[in-house]
Structures are given as C-alpha cells and as structure tokens.
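These notes are about the structure you will find just below.
The values are calculated or read from the model by the stated rules, or taken from the named source; none is laboratory data. Because the structure is predicted, anything quoted here is derived from the model rather than measured. Here Cβ is always computed from backbone atoms with ideal geometry, including for glycine, and neighbour counts include all displayed protein chains. What goes into the accessible areas is simple: the full protein's heavy atoms, side chains included, and nothing from ligands, DNA or RNA. Shrake-Rupley method; radii C 1.70, N 1.55, O 1.52, S 1.80 Å.
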Amino acid sequence: MRGRRHYGRWLLAAVVLLFLAPFAFFLWPGPDLSQYRAGPPPKPWAAVARQQAVWREQGSHRKVRFTYLPLEQVSDHLLVAILVGEDINFFHHKGVDLRAWPEVFRQWWEGRRLRGASTLSQQLAKNLFLSPRRSLWRKFLELRLALRLERELGKRRILELYVNIVEFGPGLYGAEAAARSYFGCSAQALDTNQAAALAATIPAPSQDNPRTASPRFLVRREIIARRAVRAGWLYALVRQVKQAQR
C-alpha cells in the first residue's frame with residue numbers, strides 16, 4: 001500500500017510538471033528586447049557571430065558588410081518580394097503560422113531535417129539569438145521568441161530589423177549592403193527584378209545569389225517575381241506599415 005501511495009505521488013508530480021512546463025517555457029524571461037526597439041541591433045548578433053567564428057577558424061581577415069537603413073528608405077519592391085518569398089501572411093499572424101506546424105512535426109517524426117514553417121518573426125529570432133542547428137527544440141525557442149517580438153516590438157519594427165540583418169551573401173547583411181554589392185545602387189532604388197533577385201538569395205545566400213546565378217536561384221527569382229506582380233494588396237500593406245508611427 002505504501003509503495004502504491006509513493007508511486008501515486010510521483011505520478012501526480014509528473015502530471016503537474018507536465019502541465020506547468022508549457023507555462024514556464026513561455027513565461028520564463030528571455031533576452032532584453034529594449035535595446036532592439038530602435039536603430040541598429042547590438043553587434044554581433046547571433047548570425048554575425050557565427051560567420052565571424054568561421055572566418056577566424058579559417059584564418060580569414062574578411063569583415064562583415066552591413067549598413068543600417070530605416071524602413072522608409074527600403075524599396076517597397078524588396079519588402080514585397082521578401083514577403084511573398086518568405087512569409088506572405090506576415091501581416092495576418094501573431095508571429096507563428098500554425099497551419100505550417102503539422103508539417104514540422106511530420107518532418108521531426110520521420111527523422112528528416114526540419115525545413116520551412118518559419119515566419120519572418122521566427123527567422124528574425126533565429127538570426128538575432130539562436131543557433132542555426134535544425135531541431136524541434138530550436139523551433140520551440142523560435143516560436144517563443146517570435147511571440148515576444150510581435151508583442152514587444154510590433155510588425156513595423158520586426159520588418160525593419162529583418163530587412164537590415166538578413167544575410168544576402170557570405171558576410172553580406174542587410175538590404176543596403178546587398179544592393180550596393182550586387183547592383184551598385186541603394187536599397188531604396190531597387191527595381192522589381194533586383195528585388196526578386198535579393199529575396200531569392202535568402203534560403204541559401206552562400207550558394208544561391210546573383211553572383212552564383214545557380215539554377216535554383218534563377219527558378220526562385222522567377223517565382224518570386226511572378227508572385228510579386230499579383231500582390232498589389234501587399235504593396236498597400238507595406239506602404240501603410242512604413243507610414244505608421246514608430
């Protein structure tokens with residue numbers, strides 16, 4: 001009888017912990033986001049730190065190229081191209097696209113590498129704070145941070161940070177540095193084709209970019225360009241958020 005009571009207490013404790021774990025996960029304090037509310041993010045953020053570590057190991061003296069721009073100085077064409085390529089529902093979710101998560105769990109259950117399902121908010125969380133390692137745990141961390149970013153920074157700031165820190169080539173971060181490097185113009189002057197080309201680099205910037213002109217890059221660029229032509233409603237939302245008060 002005593003053994004049964006002992007087992008029952010352990011079982012009850014396990015159930016309580018299992019019930020409380022999700023609340024602890026989402027309520028546990030994360031990084032201080034106050035320093036991300038305006039202007040360039042503190043350097044080096046996670047993605048830059050990883051790139052610099054790789055170069056140090058290789059004995060390279062290369063430097064990261066990065067120039068920060070306010071959102072209003074970034075081409076509407078580029079913002080729309082990024083959204084249709086990476087997160088077309090950006091303005092209609094709260095940081096996580098729940099419709100994509102069944103596929104994530106299917107990939108995890110089958111032992112495959114986790115791909116896709118990341119919103120712009122989740123990608124920003126990964127680039128700023130997390131390891132690039134693909135795992136279910138990292139996906140949960142992305143989810144938690146994405147919800148905080150949405151709640152504390154808002155859509156306009158998330159979009160501004162994302163377009164300024166996303167990698168467009170080896171060590172090439174942000175729209176301005178990419179536009180200058182590939183096309184010799186400012187991010188504000190990008191046309192629709194140039195914008196589609198930059199957006200097409202995001203999934204694999206080292207292998208697929210305007211310089212490598214890989215078959216995968218060319219196909220993705222054309223798909224993004226076609227989608228952007230049909231996304232007049234998205235241009236309207238982009239202009240609206242750019243005009244919104246910070």
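Applying 1/(1 + (r/R0)^6) with R0 = 22 Å to the Cβ-Cβ distance of ALA53 and ARG133 gives a FRET efficiency near 0.95.
Annotation: peptides 80-91, 133-144, 194-205, ranked by per-residue average of other Cβ atoms within 10 Å with the highest first, follow the order 194-205, 80-91, 133-144. Partner lysines whose Cα lies under 17 Å from the Cα of LYS43, excluding those fewer than 8 positions away in the same chain, are identified as LYS63, LYS126.
What shape does segment 124-164 have by the C-alpha gyration tensor, where a ≥ b ≥ c are the square roots of the eigenvalues, rounded means a/c under 1.5, and otherwise prolate means a/b greater than b/c and oblate the rest? The shape class here is oblate. Put TYR68, TYR162 in order of accessible area, highest first, and with a 1.4 Å probe you get TYR68, TYR162. Probing with 1.4 Å while keeping every protein chain in the model, the per residue accessible area of segment 203-246 equals 68 Å². Counting pairs of alpha carbon atoms under 8 Å apart in space and at least six apart in sequence, what relative contact order in percent does segment 139-246 give? Across segment 139-246, relative contact order equals 21 percent.
Straight-line cross-link reach from LYS242 at under 16 Å between alpha-carbon atoms covers these lysines, not counting any fewer than eight positions away in the same chain: LYS155. Here's the list of aspartates and glutamates a cross-link from LYS139 could span, going by alpha-carbon distance under 17 Å and ignoring same-chain residues fewer than 8 apart: GLU86, ASP87, ASP97, GLU103, GLU110, GLU150. According to the square roots a ≥ b ≥ c of the eigenvalues of the Cα gyration tensor, what is the shape class of segment 170-222, taking rounded for a/c under 1.5, prolate for a/b larger than b/c otherwise, and oblate for the remainder? Since a/c reaches 1.5 but b/c is at least a/b, the shape of segment 170-222 is classed as oblate. If you wrap the tightest convex hull around every Cα atom of segment 188-246 and split its volume per residue, you get 99 Å³.
Computed from the Kirkwood radius of its Cα pairs, the Stokes-Einstein diffusion coefficient for segment 138-246 at 37 °C and 0.692 mPa s stands at 217 µm²/s. Normalising the average separation of contacting C-alpha pairs (under 8 angstrom, six or more residues apart) by the number of residues puts the relative contact order of segment 178-234 at 27 percent.
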